[in-house]
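Trainee: Encoded as structure tokens, here's the structure I'll be asking about.
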């Protein structure tokens with residue numbers, strides 16, 4: 001299994017966005033938002049820089065929100081019961097991760113580490129819910145796209161598991 005196949009941004013565009021608004025516009029979760037809605041979203045985004053090797057979030061911690069990589073790279077990994085690291089993905093500029101935390105209260109399913117000095121923008125659940133209260137139409141667009149992204153990732157996960165187990169198509 002390719003390490004990044006289950007976590008990769010399958011909607012990623014090739015053009016590298018330059019500004020915060022372009023980064024938001026190019027993200028598949030926010031792509032349906034109108035200019036006014038993107039501007040509202042930009043007001044609730046949090047920016048943070050992580051140094052090389054710094055933990056962004058740890059597996060098992062409560063999830064608070066999602067992140068988009070503005071600069072740098074992130075390793076997403078998990079650990080076996082014997083504490084061996086399993087790298088799930090290497091993400092770079094424009095990729096996003098942690099989006100499940102916007103929908104549920106479950107602990108983080110993996111650890112995210114900055115592989116170099118990395119600048120992220122984050123959208124956190126309380127801010128998303130405030131946006132939904134103020135602009136339900138924008139909130140519905142975000143939640144719908146988020147659901148579509150998660151469904152696409154689940155389909156890819158199923159395909160990878162079939163491939164690993166040597167079955168190209170499901171049995172009927």
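Condition check ((1) free of Cβ contacts under 8 Å to residues at least 24 places away in the same chain; (2) under 15 Å from the mean Cα position of the chain (by Cα); (3) assigned to a strand (DSSP E or B)) across all residues:
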{"residue": "75", "(1), (2), (3)": "no, yes, yes"}
{"residue": "89", "(1), (2), (3)": "no, yes, yes"}
{"residue": "100", "(1), (2), (3)": "no, yes, no"}
{"residue": "105", "(1), (2), (3)": "no, no, no"}
{"residue": "131", "(1), (2), (3)": "no, no, no"}
{"residue": "150", "(1), (2), (3)": "no, yes, no"}
{"residue": "162", "(1), (2), (3)": "yes, no, no"}
{"residue": "166", "(1), (2), (3)": "yes, no, no"}
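Trainee: Checking the structure you have, find out if any residue of segment 115-126 is assigned to a helix (DSSP H, G or I), in contact with a helix residue (DSSP H, G or I) (Cβ under 6 Å, 6 or more places away or on another chain), touching a residue at least 24 places away in the same chain (Cβ under 8 Å) and surrounded by fewer than 19 Cβ atoms within 10 Å (Cβ to Cβ). Working first, answer last.
Mentor: Start the filter on segment 115-126 by keeping residues that are assigned to a helix (DSSP H, G or I), which leaves 125-126.
Okay, now just the ones that are also in contact with a helix residue (DSSP H, G or I) (Cβ under 6 Å, 6 or more places away or on another chain), so 125.
With touching a residue at least 24 places away in the same chain (Cβ under 8 Å) added as a condition, the list becomes 125.
Still in the running and surrounded by fewer than 19 Cβ atoms within 10 Å (Cβ to Cβ): 125.
For segment 115-126, residues assigned to a helix (DSSP H, G or I), in contact with a helix residue (DSSP H, G or I) (Cβ under 6 Å, 6 or more places away or on another chain), touching a residue at least 24 places away in the same chain (Cβ under 8 Å) and surrounded by fewer than 19 Cβ atoms within 10 Å (Cβ to Cβ): present.
Values quoted throughout were computed directly from the atomic coordinates according to the rules given, and no laboratory measurement underlies them. Please read all numbers here as calculations on a predicted model, not as lab measurements. Neighbour counts run over all protein chains shown; Cβ positions are idealised from the backbone, glycine included.
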